[in-house]
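For reference, the structure discussed in these notes is given below.
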Amino acid sequence: MHDNIESHLKEKRVFKPAKNFAQKARIKNLAQYQRMYRESIKRPDKFWSREAKELSWQKPWRKVLEWKAPFAKWFAGGKLNLSENCLDRHLTTHRRNKAAILWEGEPGEKRTLTYQQLHREVCRFANVLKRNKIGKGDRVIIYLPTIPEAAIAMLACARIGAVHSVVFGGFSADSIRDRIHDSGAIALITADGSYRRGGIVPLKKNVDDALRVGTSVKRVIVFQRAHNQIHMEEGRDVWWHRELEYVDDDCPPTALDSEHPLYILYTSGSTGKPKGILHTTGGYLVGIYSTTKYVFDIRDEDIFWCTADIGWVTGHSYVVYGPLANGATTFMYEGAPNWPEPDRFWRIIEQNRVNILYTAPTAIRAFIRWGDQWVKKHDLSSLRLLGTVGEPINPEAWMWYHKNIGGGRCPVVDTWWQTETGAILITPLPGAIPTKPGSATLPFFGVDPAVVDPNGKEVGANVGGKLIIRRPWPSMLRTIYGDKQRYQKQYWSEYKGNYLTGDGARRDQDGYFWIVGRIDDVLNVAGHRLGTSEIESALVSHAKVAEAAVVGRPDELKGQGVVAFVTVKTGVDASNDLKAELREHVGTHIGAIAKPDEVRFAEALPKTRSGKIMRRLLKEIASGAKVTGDTTTLEDFSVLAKLSESDE
Ligand code: PRX
């Protein structure tokens, strides 16, 4: 048996950047990308200095990178403020009266904040923080829906050097408590409630439950959003709007060390204990600034809509900090994509003339399932660029997105990155790099990824292996909060000095990267190691399938058997014939080795709150075991119950 992951997906379609797009883009052709990429690798100091100099520094850096593996200091000795770079920097330019944030609430209200207005709100709220004895280095939990106040709270923390930790508004009291405990937060910013599919999520009540046992939180600032009845704890809780009455709007940005902590964002670790990923100021800013600029080729006249919730890293980097650092107009939407009907996104794009849409494969697969008629009702001609992030996108979903949403004219950037990486690392540049459906294509500037075998040796073309990054990059995580050892062990010990992503990948004959899924999910069938995403992509390429998840179950003969959980498109009959047809379909597309031993139809698949399929739970169901693992990040518990029932 060999240890390399095998790769069988045969995807031959290539889409060259359209001429009229490329002509106007910052990076106009492959040769220009290659030239800049070579420079970024050979002379990283020069490359990153040039990028960083486009931003405002209160004190210049001494050294671009100090690297004592695995600990990095970027722009060492420099001083700056992130909120100044996102706001003040634009106030002396034509952007002063430009929309910084366009927002739409789920019930339909709309708000616009210009750069000048946003600056004023951030300064005032920063003064509220100071008034409440929150200062530099203090940790602050933000538990808010995707409303402008979430961005205001984040930027206000950044302005005074407080370290924010945003907790996704869908998480429960227990999750909040864990994060308070781990971060030692002294304050919490929340709202009375938020809207979700027409109902009200009782945010403040969840906070009250989290704080029932003694915690380090001394102050809770409450924004009035949903006007639901809440309890205000005397001496601990204050209203956001009342506090504003006591402050003025003068709040100069604090000069912070380039390595000053900016935020902690928790991601679920495999062991249950959440990991607090720590990002710092200077390098993170440079990373999100230049990726937003080059990957989305963002323009002053664009309306940029990243649909991620503010509680995820995508919301941090590409709803708030990246677009604002570039002086762009960022669109924010509070609610669900299918409220009140499955065309909400398309309605928003039509009404607001959105130009760039950045969303997740899980959303795209839901749109496919809901049917094309919802898309066809709307004029999407304002769109000029599409992006995806979060999971491997199955080539057929990519094609659907390209054709039905992009009208065949918009480039699709499939961006690979992680909470840990802070910014996009592998991605097409839309005017320069030809795309292949399902591939994140080539590394961004300064990023040196490789696919390696268990000994750390780079594998050849089209051979699968583990994806590593061979040198530090500006927006990298600096540590796991409070746990240097875990940081070292988890990311830097397996291949010393190299960053372990935890993903499996292969590189094709053109050097393009294809992510085949998380290493932990790799199947081992009769000595063949197969990534999950290729089999899933083969299933999704069948006309009747909307979504598929593939897992292994113990098999005496083969080591592991392949079990496929499949959801079909609306209106399709999930019959036994279709099961047989799907097995054959995988056989033809990949090979007999990957044919599922069992196909199970499911109404829905278990997903995390951020839309990733939870294969770990499916594995337990497939092997007939009771689900015992941690399910706290599961989005919809009824899905799990239904899957287990269908088993009996
Ligand atoms: O497995 C990869 C997958 O999502 C993981 C990172 O998840 P998270 O930290 O939640 O961040 C998501 C937003 C950046 C990766 O290890 N992933 C993310 N983007 C892609 C992807 N897999 C394939 N293709 C992508 N474009």
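The values are calculated or read from the model by the stated rules, or taken from the named source; none is laboratory data. For clarity, every value in this text was computed on a predicted model and none was experimentally measured. Don't worry about glycine lacking a Cβ; one is built from the backbone with ideal geometry, like all the others, and counts go over all protein chains shown.
Counting only helices (runs of 4 or more DSSP H) that sit completely within region 306-410, those holding 1 or more residues that are within 16 Å of the ligand (Cβ to nearest atom) and touching a helix residue (DSSP H, G or I) at 6+ places or on another chain (Cβ under 6 Å) correspond to 322-325, 361-370, 395-400. When region 239-282 is filtered for residues that are closer than 23 Å to LYS130 by Cβ and surrounded by fewer than 17 Cβ atoms within 10 Å (Cβ to Cβ), the ones remaining, listed by number, are TRP239, HIS241, ARG242, LEU244, GLU245, TYR246, ASP248, ASP249, ASP250, PRO252, ALA255. All conditions in (1) touching a residue at least 24 places away in the same chain (Cβ under 8 Å); (2) crowded, with 16+ Cβ neighbours inside 10 Å hold for GLU581, with the sole exception of (2). With respect to the stated conditions, LYS98 fails to be surrounded by fewer than 20 Cβ atoms within 10 Å (Cβ to Cβ), assigned by TED's automatic domain parsing to the domain that holds GLU334 and modelled with pLDDT of 95 or more.
Can you say whether GLY311 is under 29 Å from ALA25 (Cα atoms) and either under 16 Å from the mean Cα position of the chain (by Cα) or touching a residue at least 24 places away in the same chain (Cβ under 8 Å) (or both), as far as the supplied structure shows? When the stated conditions are applied, GLY311 does not pass them. Can you confirm whether GLY587 is part of a helix (DSSP H, G or I), touching a helix residue (DSSP H, G or I) at 6+ places or on another chain (Cβ under 8 Å) and modelled with pLDDT of 70 or more? Yes: the conditions hold for GLY587. Among the residues of region 63-95, those that are surrounded by fewer than 20 Cβ atoms within 10 Å (Cβ to Cβ) and hydrophobic (A, V, I, L, M, F, W, C) comprise LEU65, TRP67, ALA69, PHE71, ALA76, LEU91. Name the residue, out of PRO274, PRO261, that is touching a residue at least 40 places away in the same chain (Cβ under 8 Å) and out of contact with any helix residue (DSSP H, G or I) (no Cβ under 9 Å at 6 or more places or on another chain). Every option except PRO261 fails the conditions. Filtering VAL213, VAL238 for residues that are out of contact with any Asp or Glu (no Cβ under 9 Å at 6 or more places or on another chain) and part of a loop (DSSP other than H, G, I, E, B) leaves a single hit, VAL213. No other residue among LEU500, LEU467, LEU539 is more than 30 Å from THR292 (Cα to Cα), buried (at least 16 other Cβ atoms within 10 Å of the Cβ) and among the hydrophobic types (A, V, I, L, M, F, W, C) apart from LEU539. Of the numbered criteria (1) in the same structural domain as ILE433 (by TED's automatic domain parsing); (2) among the hydroxyl-bearing types (Ser, Thr, Tyr); (3) touching a helix residue (DSSP H, G or I) at 6+ places or on another chain (Cβ under 6 Å); (4) in contact (Cβ under 8 Å) with a residue 60 or more places away in the chain, the one TYR33 fails is (3).
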